[in-house]
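Each remark here refers to the structure printed beneath this line.
The values are calculated or read from the model by the stated rules, or taken from the named source; none is laboratory data. Computed from a predicted model, the values in this text were never measured in an experiment. Counting neighbours? That spans all protein chains shown, and the Cβs are built from the backbone with ideal geometry, glycine included. Side chains included, ligands, DNA and RNA excluded: accessible areas come from the protein's heavy atoms. Shrake-Rupley method; radii C 1.70, N 1.55, O 1.52, S 1.80 Å.
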Amino acid sequence: MAKMNMIQALNSALDNMMEKDPNVLSFGEDAGYFGGVFRVTAGLQEKYGLDRSFDAPINEAAIVAMATGMAAKGLRPVAEIQFADYIFPGLDQIVSELSRIRYRSAGQFTTPVTIRTPCGGGIRGGQTHSMSPEAFFTQIPGVQVVMPSNPYDAKGLLTAAIENDDPVIFFEPKRLYNGPFDGHSGGALSSWGAHPKGEVPEDYYSLPLGKADVVREGSELSIITYGTLVHVALAAVEQEGIDAEIIDLKTLVPYDIETITRSVNKTGRCIVAQEAPRTSGFGAELAAQIQEDCFYALEAPIQRVAGWDTPYPHAHEWSYFPGPQRFINAMREVLEA
Amino acid sequence: MTQSDPRFHVPAPHVRPGDTPDFSHIAIPPAGEAKRPAVDVAGPETMDLALGLVRVLDHNHQAVGEWDPKLTADQMREGLKHMVLTRVYDDRMLKLQRQGKMSFYMKSTGEEAVAVAAAMALDNGDMVFPSYRQQGILFARGRDIVDMMCHCISNSRDNLKGRQLPVHYTWAEGNFFSISGNLTTQFPQAVGYAMAAQYKGEKQIAASWIGEGSSAEGDFHGALVLASTYKAPVILNIVNNQWAISTFQGIAAGEAPTFALKGQGYGLATLRIDGNDFLAVYAATQWAAERARAGHGATVIESFTYRADAHSTSDDPSGYRPKGEDAIWPLGDPVERLKQHLIGLGEWDEERHEALEKELNELVIASYKEAESFGTLHDGPLSPVSSIFEDVYAEPDWRLRRQRQDLGV
């Protein structure tokens with residue numbers, strides 16, 4: 001075991017997989033020699049050579065398409081899109097191509113591509129470096145969607161994504177790269193060093209896709225979330241002294257419906273939370289499914305905590321970010337109903 | 001794990017950190033050599049200009065050849081002033097960013113001529129769609145420095161209400177479009193804008209700027225095909241500053257000898273110019289503007305230059321290129337070259353230059369003091385919090401009204 005932040009854990013997953021499988025390649029904008037603007041791919045080119053870790057031209061559509069072609073030939077490419085906000089030029093290649101190759105060829109071709117991309121705000125990145133566009137991708141049949149919330153999960157899930165025979169969009173909440181962030185913007189920054197999930201095996205391991213974690217057991221209500229907001233929810237629950245159960249989904253497609261329904265059936269009250277804008281966010285899917293599966297157990301309407309339906313502002317980032325107070329308001333609402 | 005030779009080709013720069021800077025592989029044709037065709041020349045006939053390098057200022061800082069725009073000393077002194085101001089402003093803003101006064105900054109050091117000379121050669125009424133490294137256009141067009149700073153520190157007087165990252169300026173009054181943080185997205189927009197101006201029977205043209213790395217984006221090709229198909233009155237500038245963050249120009253160029261040459265595939269007029277030569281940038285822009293305004297169509301201009309500083313405050317160039325490259329860039333420093341040219345003409349001297357730098361430095365310091373009086377990012381005042389719900393739509397719908405209420409503002 002070693003102390004790792006999320007960047008190191010992701011790097012370790014790539015390193016293990018490239019060591020293990022010569023068909024694993026890593027590429028992206030600034031992701032070769034320099035090792036990525038967040039240094040997730042640092043050292044890989046030096047260790048594995050120019051043709052296994054390399055810089056790509058600035059063309060997200062081409063990067064996704066190149067990965068698709070390579071995967072069709074039997075490689076397991078890991079493509080980095082520098083910021084999730086920049087993934088949209090590649091969207092056609094994901095929606096119309098990558099996601100459907102297995103289906104439209106009736107299984108004759110498969111494209112086991114992993115697309116890694118840093119997402120989320122809280123880094124003063126403004127509207128082009130802060131988005132959480134995961135919901136767009138959950139609307140695409142044929143791709144799986146993952147978003148870890150800590151280094152241990154990040155490594156195990158990235159390993160599983162690379163080994164997965166279907167394409168995976170792997171979102172990395174960049175606010176968590178260097179430490180668990182509880183949403184108190186002015187507070188001291190904590191590091192992964194002191195966090196149990198910052199203990200990461202250096203050797204290969206994988207964690208199953210599609211499995212959620214109950215990160216806090218509780219009886220009064222259930223909070224279903226993922227990524228950065230897992231830590232914000234934990235902080236809000238501690239602050240308010242409510243015995244809430246908190247579920248870290250880790251995988252959005254397919255999400256772990258069993259763990260969700262077990263929790264909501266137990267507590268009868270539920271909050272779904274996402275950093276992305278509220279309308280048609282992933283929380284909307286969760287709320288719809290939970291009311292279908294748990295309607296008779298629910299004692300209050302499901303509450304949503306989300307970003308506002310605006311672009312991510314720069315100066316007023318912390319008024320946009322769904323911080324602890326927004327969780328506290330939602331918890332009061334759901335408990336009082 | 002042992003490394004083998006790469007099984008497919010991945011270009012790499014000649015030198016890396018720790019190596020001695022070396023540009024001996026770059027061929028620099030003599031100044032004055034390039035021919036200046038008539039502005040109605042057919043695009044394919046400018047092939048040689050896509051492969052050459054339009055240069056006006058020679059090694060002795062004299063203006064030579066057909067491309068000499070024959071500017072007056074006053075015009076050149078004005079250009080020099082805008083370039084020095086751009087540099088002084090950038091240096092000051094970087095310092096302020098390091099002190100935590102703003103979240104982010106991007107300098108344009110070494111590329112001042114690309115923006116300033118182009119802006120001076122265009123009409124102020126022409127629409128520009130710049131990338132994030134053409135702040136020189138704003139100085140050339142006379143934007144208030146305090147306003148620029150208020151944007152960068154996102155305070156209560158920021159004309160963008162704190163919504164954009166620093167240096168992502170918008171200035172409608174100055175015909176300066178809203179800068180996107182996404183790459184190349186505005187190249188085809190500039191074409192559409194230019195077509196609309198033509199549709200309305202106006203003489204206005206449009207110009208856009210991207211980096212050489214951004215020329216890999218699909219939108220680059222979209223812009224070129226539109227510009228060619230509709231013969232749009234637009235100037236499409238590729239600023240080849242050699243580096244896209246850590247990625248050397250060869251990753252976007254591939255086997256293409258120049259970026260200007262890419263325009264030839266679309267039948268467009270193409271110019272490759274010395275981007276550190278104020279007079280060359282001016283002359284090329286003037287030529288392309290005249291061509292566009294006369295209805296002869298678009299021009300692709302590659303400005304060959306060097307990004308003398310980091311990409312932004314988020315990267316350290318010593319991690320990907322040798323130190324000291326800027327000092328030996330074979331095309332020199334744009335400020336120094338224009339200054340020496342004016343001195344050679346007897347129209348400038350070291351004392352006046354020093355006085356100018358001092359004056360502009362004081363102006364920038366005083367402007368910052370004034371800007372800070374309208375607030376700072378960390379201590380405020382900022383635009384009202386409620387403003388985050390404005391301008392999403394012409395009128396906020398019930399969701400935004402409800403969300404604003406939820407936030408209690």
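Some observations on this one:
- Residue within segment A:25-42 that is of a type in the set (Asp, Glu) and touching a residue at least 24 places away in the same chain (Cβ under 8 Å) present: yes
- Scanning segment B:1-44 for residues that are more than 14 Å from every other protein chain (Cβ to nearest Cβ), surrounded by fewer than 15 Cβ atoms within 10 Å (Cβ to Cβ) and of a type in the set (A, V, I, L, M) yields B:Ile26, B:Ala27, B:Ile28, B:Ala38, B:Ala42.
- Flag for A:Met17 being open to solvent by 10 Å² or more (accessible area, probe 1.4 Å), more than 9 Å from every other protein chain (Cβ to nearest Cβ) and not acidic (Asp, Glu): no
- Of all residues in segment B:86-109, those satisfying the criterion of being open to solvent by 10 Å² or more (accessible area, probe 1.4 Å) and part of a loop (DSSP other than H, G, I, E, B) are B:Gln99, B:Gly100, B:Lys101, B:Ser103, B:Phe104, B:Lys107, B:Thr109.
- Count - residues of segment B:48-67 that are more than 14 Å from B:Arg36 (Cβ to Cβ) and surrounded by 15 or more Cβ atoms within 10 Å (Cβ to Cβ): 6
- Contact map, segment B:57-76: residues that are among the acidic types (Asp, Glu) paired with residues that are open to solvent by less than 30 Å² (accessible area, probe 1.4 Å), Cβ distance under 8 Å, separation 6+ or inter-chain. Pairs shown: B:Asp58/B:Ala31; B:Asp58/B:Gly32; B:Glu66/B:Gly32; B:Glu66/B:Ala34; B:Asp68/B:Gly32; B:Asp68/B:Val56; B:Asp68/B:Leu279; B:Asp68/B:Ala283.
- Matching entry among A:Ala135, A:Ala65 (being part of a helix (DSSP H, G or I) and under 30 Å from B:Pro6 (Cα atoms)): A:Ala65
- Qualifying residues in segment B:178-200 (those that are among the small types (Gly, Ala, Ser) and within 14 Å of chain A (Cβ to nearest Cβ)) - the one least open to solvent (accessible area, probe 1.4 Å): B:Gly181
- Test: A:Ile81 is modelled with pLDDT of 95 or more, touching a strand residue (DSSP E or B) at 6+ places or on another chain (Cβ under 7 Å) and within 11 Å of another protein chain (Cβ to nearest Cβ): no
- For segment B:255-267, taking the residues that are open to solvent by 40 Å² or more (accessible area, probe 1.4 Å) and either within 14 Å of A:Pro57 (Cα to Cα) or not in a helix (DSSP H, G or I) (or both), the one that is nearest to the other protein chains (Cβ to nearest Cβ) is identified as B:Glu255.
- Hits in segment B:308-334 (condition: more than 14 Å from every other protein chain (Cβ to nearest Cβ) and in a loop (DSSP other than H, G, I, E, B)): B:Ala308, B:Asp309, B:Lys323, B:Gly324, B:Glu325, B:Trp329, B:Pro330, B:Leu331, B:Gly332, B:Asp333
- Any pair with Cβ under 7 angstrom, 6 or more apart, that starts in segment B:280-295 at a residue that is open to solvent by 10 Å² or more (accessible area, probe 1.4 Å) and ends at one that is part of a helix (DSSP H, G or I) and not basic (Lys, Arg): B:Tyr282/B:Ala117; B:Tyr282/B:Met120; B:Tyr282/B:Ala121; B:Gln286/B:Ala121
- Any hit, segment B:132-152, residues being touching a residue at least 40 places away in the same chain (Cβ under 8 Å), within 14 Å of chain A (Cβ to nearest Cβ) and assigned to a loop (DSSP other than H, G, I, E, B): yes
- Scanning segment A:258-277 turns up no residue that is in contact with a helix residue (DSSP H, G or I) (Cβ under 9 Å, 6 or more places away or on another chain), at pLDDT 95 or above, closer than 23 Å to A:Pro133 by Cβ and surrounded by fewer than 21 Cβ atoms within 10 Å (Cβ to Cβ).
- Of all residues in segment B:342-388, those satisfying the criterion of being within 14 Å of chain A (Cβ to nearest Cβ), not aliphatic (A, V, I, L, M) and not in a helix (DSSP H, G or I) are B:Phe374, B:Gly375, B:Thr376, B:His378, B:Asp379, B:Gly380, B:Pro381, B:Ser383, B:Pro384.
- Taken over segment B:350-374, the criterion of being touching a residue at least 40 places away in the same chain (Cβ under 8 Å) and under 14 Å from B:Leu96 (Cβ atoms) is satisfied by B:Asn361, B:Val364, B:Ile365, B:Ser367, B:Tyr368, B:Glu370, B:Ala371, B:Glu372.
- Selection status of A:Gly179, assigned by TED's automatic domain parsing to the domain that holds A:Val24, more than 14 Å from the chain's Cα centre (by Cα) and surrounded by 15 or more Cβ atoms within 10 Å (Cβ to Cβ): yes
- Yes/no for B:Lys203 being within 30 Å of B:Pro384 (Cα to Cα) and open to solvent by 10 Å² or more (accessible area, probe 1.4 Å): no
- In segment A:284-299, residue surrounded by the most Cβ atoms within 10 Å (Cβ to Cβ) [restricted to those that are small (Gly, Ala, Ser) and either out of contact with any strand residue (DSSP E or B) (no Cβ under 8 Å at 6 or more places or on another chain) or not assigned by TED's automatic domain parsing to the domain that holds A:Asn329 (or both)]: A:Ala297
- Here B:Glu350 fulfils each of the conditions (1) in contact with a helix residue (DSSP H, G or I) (Cβ under 7 Å, 6 or more places away or on another chain); (2) farther than 25 Å from B:Leu51 by Cα; (3) among the acidic types (Asp, Glu) apart from (1).
- Here A:Thr225 meets each of (1) touching a residue at least 40 places away in the same chain (Cβ under 8 Å); (2) in the same structural domain as A:Ala79 (by TED's automatic domain parsing) with one exception, condition (2).
- Residue count for segment A:311-323 under the criterion of being open to solvent by 10 Å² or more (accessible area, probe 1.4 Å) and either outside any loop (DSSP other than H, G, I, E, B) or touching a strand residue (DSSP E or B) at 6+ places or on another chain (Cβ under 8 Å) (or both): the result is 2.
- Looking only at segment A:46-62, and only at residues there that are under 20 Å from A:Lys155 (Cβ atoms) and either without any contact (Cβ under 8 Å) to a residue 12 or more places away in the chain or not in a loop (DSSP other than H, G, I, E, B) (or both), the one that is farthest from the other protein chains (Cβ to nearest Cβ): A:Ser53
Conditions tested, residue by residue: (1) out of contact with any Ser or Thr (no Cβ under 6 Å at 6 or more places or on another chain); (2) surrounded by 24 or more Cβ atoms within 10 Å (Cβ to Cβ); (3) aliphatic (A, V, I, L, M).
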residue	(1), (2), (3)
A:Gly32	no, yes, no
A:Lys47	yes, no, no
A:Ser53	no, yes, no
A:Ala56	yes, yes, yes
A:Ala62	yes, no, yes
A:Met70	yes, no, yes
A:Ile81	no, yes, yes
A:Gln93	yes, no, no
A:Ser96	yes, no, no
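- Qualifying residue in segment A:182-190 (condition: over 21 Å from A:Arg76 (Cβ atoms) and surrounded by 19 or more Cβ atoms within 10 Å (Cβ to Cβ)): yes
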